Structure formats: structure tokens, C-alpha cells
Amino acid sequence: MKTRPAHRLTAHERRSVALSAVYSGTFFGVVNTLVSQLLIEPLPLHVGLVQGVLTGVFFGAFMGGVMAFNLKRAGGHAGSAAVMGALRTRTLSDVLDPQTWDLLLSRQERSLILARLYAAFFVVASILIAVIAATGEPSRYEPFLWGGAGLMFALAIVTVLEARVRRAKVRGLREQLATG
């Protein structure tokens, strides 16, 4: 049976995960308290705050861990900075060797495939939310449903447009890599 090495977080990554957890806990705590007080049947103030903070801390820690793992896969801070700089300037730097550039550009190409899936998800979510808003009984939540449907549709459009721009940049970098 093949075993994979454990992913150990560096001190910087642990700080990033902790800050993500604190930020998300604070944000979710405030938002959950406001939403429960203004829109839903009001809970006691401390219940909404504690519920939001706990949800936010777990969400933030998980997302911070995912981001640290993805950053490490992208070549760490140096590799990530090199790729972002190359995408911004549309030129490959001499910081990394051609094999590393090939690996990092292939990861960028795979992320473009994921962008299509995200866009499809946003369109489906937009349609489902619009159907729920259109067929449900009118209520005070209806504007929020229509707003959510519009937001999901806007995210689909932005995702597609950003992926097209990034695809052109990656294609140009790939040509530079081929010509040396």
C-alpha cells in the first residue's frame, strides 16, 4: 500500500491558518448575530454570536489549511510569486528552471478546467435560486433570493471572463517556454 508523506505546516503556514480562523470567526460571528436579529426569529444575542464564531473558526481553519496546501503545491511562496509575476508581465523569469515552469503552467491549465466547473455551478445555482424565488410565496425574503440569483449569475460571468484572460496569458507563457 502506497503511503503519502504527512503534510506538515511551517510556522508561517500555521500563523496563516490561525489568522484565517480568527478573521472568519469574527466575521461569521458578527454576520450570524445580525442575520439572526434582523431576518430570522431572534435568538438570544450570545447564542447567535457563539454559533457564528464557532462556525467561522472551523471554516477559517479549514480554508486556511486548504490554502496552505495549495500554496505548497504551487511551489511555495517563491513559485507562487514567480507564476503571479509571469502572468502579470506575460514573460517568464529566470528564477525557475524550464521543468518547474512546465509543471507550474500545467497546474494553471488544470485550474482553468476547474474554472469551467465553477462557472457551471454558479449558473445552476443561479437558476435554482431564481426558480425558488419565482415559485415561492411572496415574503420578506424574496428580494434576498433574487439578489442571490443575480450574484450567482454575476459570479459565473466573472469566472468565465477571468478564465479567458488567464488562458491567453498561460498560452503566451507556454509559447515562450517552447521557444526557450
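The values are calculated or read from the model by the stated rules, or taken from the named source; none is laboratory data. This one's a predicted model, so the numbers in the text were calculated from it and none came from an experiment. Because the Cβ atoms are built from the backbone with ideal geometry, glycine has one as well, and the counts that use them run over all protein chains shown. Areas reflect the complete protein model, heavy atoms only, side chains present, ligands, DNA and RNA absent. Shrake-Rupley method; radii C 1.70, N 1.55, O 1.52, S 1.80 Å.
In the context of the full set of protein chains, the chain has a per residue accessible area of 69 Å² (1.4 Å probe). Pairs of Cα atoms nearer than 8 Å and 6+ residues apart set the relative contact order; for segment 120-180 it is 38 percent. For the pair Leu112 and Phe59, a Förster radius of 41 Å applied to the C-beta separation gives a FRET efficiency near 0.95, rounded to the nearest 0.05. Roughly speaking, what % of Cα-Cα pairs in the chain are separated by over 30 Å, rounded to a whole number? Cα-Cα pairs of the chain separated by over 30 Å account for 42 percent. Kindly express, to the nearest 10 degrees and within the range 0 to 90, the angle between helix 76-89's C-alpha long axis and the longest C-alpha principal axis of the chain. So the helix axis and the longest Cα principal axis differ by about 80 degrees. For the peptides 158-164, 60-66, residues were scored by their other Cβ atoms within 10 Å and the scores averaged per peptide; the highest-first order is 60-66, 158-164.
Helix 142-179 and the longest principal axis of the Cα set of the chain meet at an angle near 0°.
Please list, in order along segment 117-122, the HN-Hα scalar couplings obtained from phi with the Karplus expression 6.51 cos²θ - 1.76 cosθ + 1.60 (θ = phi - 60°), rounded to whole Hz, x for Gly and Pro. Using θ = phi - 60°, the values come out as 5, 4, 4, 4, 4, 4 Hz.
The peptide list 17-24, 92-99, 146-153, put in order of mean Cβ contacts within 10 Å with the highest first, becomes 17-24, 146-153, 92-99. The convex hull built on the alpha-carbon positions of segment 113-152 has an orientation-averaged projected area of 2.4 nm². Packing here is the average count of other Cβ atoms within 10 Å per residue, and on that basis the peptides 168-179, 48-59, 134-145, highest first, run 48-59, 168-179, 134-145. Divide the volume of the convex hull around the Cα atoms of segment 48-123 by the residue count and you get 124 Å³ per residue.
For the chain, relative contact order (Cα pairs under 8 Å, six or more residues apart, normalised by length) works out to 20 percent. When a 1.4 Å probe is rolled over the protein heavy atoms, the share of accessible surface on the chain that falls to carbon and sulfur comes to 71 percent.
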